[in-house]
Amino acid sequence: MRVWFQQGITVVFVLGAFSAPALAQVQLTSDATRIDMSGRLHVRAQSSSCSNFSPSSTATACSGDVAGLDMFIRRARLTFDVRLNDWISGKFQPDFGAVDGVEIKDAYGRLDLNPEADNTHAQVTVGRFKRPFDAFQMRSSTQILTIERDVDVAGISGETGLSLDELATRNGLSDRDIGVMVDGGDANDRFHYWVGVFNGRSGVANESVVAQKQFIGRGQVNVSNGGTPLAIAGAVAFTSAPFTNSDETLGSRYVGNVELFAELGDFSGGPHVMAGLVFGKNTLENTSGTMPDLAGGDPLANMLTWQVIGSWKSDVGDAYFFEAIEPLFRITMADPNRDLTDDVVYGFTPGVQIFFRGRNKLALNWDFMKLGGGRGSENSFKAQYQFHF
């Protein structure tokens with residue numbers, strides 16, 4: 001559907017078929033503004049092995065009994081991509097997934113400093129958006145290969161149920177934050193860079209408690225491997241960990257983390273492999289495995305986590321009511337404290353995606369989590385329907 005506003009009063013509706021499924025979106029334009037509107041709805045049903053466990057058992061990481069089968073709305077978002085002219089644009093994305101409330105996901109303005117170039121050499125983004133760290137988190141939730149970016153089993157607390165994405169986000173390295181970022185690349189987009197300054201807090205924080213900030217730099221090289229795209233990237237983050245001194249003044253300590261990432265293939269079809277490694281300091285633990293006394297100078301734990309996801313998307317032709325099928329498998333490891341030997345978590349996820357049209361799909365995953373320290377293993381089966389326009 002396209003809507004033209006003339007002089008802010010006259011509205012003309014034009015209905016027509018979309019030229020391609022990937023372009024299925026509502027577009028609003030005027031003499032001065034273009035607004036592309038899209039949306040997503042994720043409806044989930046999932047089970048958990050924590051629905052029936054013995055609290056006295058030592059071979060479990062379940063922290064509480066949960067429903068044997070849960071159904072809920074995971075995401076319900078509208079996205080507005082706004083362009084005022086060749087060099088001013090922005091994005092606004094509210095999420096209605098909580099049903100009884102609204103959360104703002106993306107809210108930013110962008111200045112393209114070289115609008116005439118095919119691939120921008122530099123653009124400035126200001127507001128709330130995803131930090132350029134953890135490539136799995138940087139991908140849209142409408143495209144991610146697995147249903148969840150982390151290995152998620154309901155009833156397991158975040159202190160034990162860890163994977164690459166969860167360990168990175170809990171340390172304030174990835175997902176959204178308030179900040180300013182410059183990114184761009186060469187004319188052929190063989191190289192892309194990101195440099196940003198952020199508050200360095202969780203995604204729901206709207207302000208900083210200290211003057212010190214988080215600095216993230218990222219670089220990515222894009223090449224073609226026999227017609228299959230290959231991307232190799234690396235990122236470095238220096239984050240300020242805040243604390244309160246004994247005299248009630250605020251202090252902070254800077255810590256560093258590194259990400260290495262490679263991706264072979266893309267979301268269009270065929271083989272697709274994504275592999276990432278993150279290591280550095282864990283601001284949530286000291287080397288003994290307890291909450292660190294940052295003001296007292298506790299040595300922070302060294303963390304290490306990696307994840308590999310492989311899939312193969314195949315078209316099925318016109319003989320079926322769906323257009324493509326994509327089996328996949330994920331393996332991930334998270335070691336939040338390398339000074340300890342019983343806290344390592346391994347995750348395994350076999351799954352399949354069935355595409356109906358464009359990004360509209362049904363995804364089936366079975367997450368298995370193997371926990372160190374004699375805590376046994378837990379699992380969760382998930383089925384999620386994605387409506388996307």
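The values are calculated or read from the model by the stated rules, or taken from the named source; none is laboratory data. Since we're looking at a predicted model, the values are computed, not measured. Backbone-built Cβ (ideal geometry, glycine too); neighbour counts: all protein chains shown.
Looking at region 85-95, which of the residues that are over 15 Å from G127 (Cβ atoms) and over 18 Å from the mean Cα position of the chain (by Cα) is surrounded by the most Cβ atoms within 10 Å (Cβ to Cβ)? This residue is W87. Taking the conditions exactly as written (surrounded by fewer than 24 Cβ atoms within 10 Å (Cβ to Cβ), free of Cβ contacts under 8 Å to residues at least 12 places away in the same chain and either on the phi < 0 side of the Ramachandran plot or of a type in the set (G, A, S) (or both)), does I178 satisfy them or not? In short, no.
Within region 67-85, the residues that satisfy the criterion of being closer than 27 Å to K105 by Cβ and in a loop (DSSP other than H, G, I, E, B) are A67, L84, N85.
Within region 318-340, identify whether any single residue is at pLDDT below 95, closer than 24 Å to L277 by Cβ and surrounded by fewer than 15 Cβ atoms within 10 Å (Cβ to Cβ), and answer yes or no. Yes; the residues of region 318-340 include at least one that is at pLDDT below 95, closer than 24 Å to L277 by Cβ and surrounded by fewer than 15 Cβ atoms within 10 Å (Cβ to Cβ).
G226 satisfies every condition listed in (1) touching a residue at least 40 places away in the same chain (Cβ under 8 Å); (2) out of contact with any strand residue (DSSP E or B) (no Cβ under 8 Å at 6 or more places or on another chain) except (1).
So in region 223-277, with the set limited to residues that are of a type in the set (D, E) and part of a strand (DSSP E or B), which one is farthest from G172 (Cα to Cα)? Restricting to residues being of a type in the set (D, E) and part of a strand (DSSP E or B), the top hit is E263. Of everything listed in (1) over 30 Å from D343 (Cα atoms); (2) among the aliphatic types (A, V, I, L, M); (3) in a loop (DSSP other than H, G, I, E, B), the single unmet condition for L173 is (1).
Within region 45-66, being surrounded by fewer than 18 Cβ atoms within 10 Å (Cβ to Cβ) and either at pLDDT 85 or above or in a strand (DSSP E or B) (or both) holds for A45, S51. If I ask for residues that are small (G, A, S) and either loosely packed, with under 15 Cβ neighbours inside 10 Å or at pLDDT 95 or above (or both), which ones from region 206-239 would you list? Once the filter is applied, which keeps residues that are small (G, A, S) and either loosely packed, with under 15 Cβ neighbours inside 10 Å or at pLDDT 95 or above (or both), region 206-239 yields A211, G217, G219, S224, G226, G227, A231, A233, G234, A235, A237. On the stretch given as region 353-374, residues that are closer than 12 Å to V153 by Cβ, surrounded by fewer than 21 Cβ atoms within 10 Å (Cβ to Cβ) and charged (D, E, K, R) total 1.
Residues checked against (1) more than 21 Å from Q384 (Cβ to Cβ); (2) in contact (Cβ under 8 Å) with a residue 60 or more places away in the chain; (3) within 23 Å of the chain's Cα centre (by Cα); (4) in a strand (DSSP E or B):
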residue: V99; (1), (2), (3), (4): no, no, yes, no
residue: I104; (1), (2), (3), (4): yes, no, yes, yes
residue: G109; (1), (2), (3), (4): yes, no, yes, yes
residue: N114; (1), (2), (3), (4): yes, yes, no, no
residue: V124; (1), (2), (3), (4): yes, no, yes, yes
residue: F133; (1), (2), (3), (4): yes, yes, yes, no
residue: S141; (1), (2), (3), (4): no, yes, yes, no
residue: E148; (1), (2), (3), (4): no, yes, yes, no
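In region 197-205, the condition of being among the basic types (K, R) and at pLDDT 85 or above is met by no residue. Looking at (1) out of contact with any His (no Cβ under 6 Å at 6 or more places or on another chain); (2) surrounded by 16 or more Cβ atoms within 10 Å (Cβ to Cβ), can you tell me which one G265 breaks? The single condition G265 does not satisfy is (1).
For region 310-318, indicate whether the set of residues that are among the small types (G, A, S), in a strand (DSSP E or B), in contact (Cβ under 8 Å) with a residue 12 or more places away in the chain and under 23 Å from F368 (Cβ atoms) is non-empty. Scanning region 310-318, I find at least one residue that is among the small types (G, A, S), in a strand (DSSP E or B), in contact (Cβ under 8 Å) with a residue 12 or more places away in the chain and under 23 Å from F368 (Cβ atoms), so the answer is yes. Across region 326-367, the number of residues qualifying as closer than 30 Å to L300 by Cβ and assigned to a strand (DSSP E or B) comes to 12.
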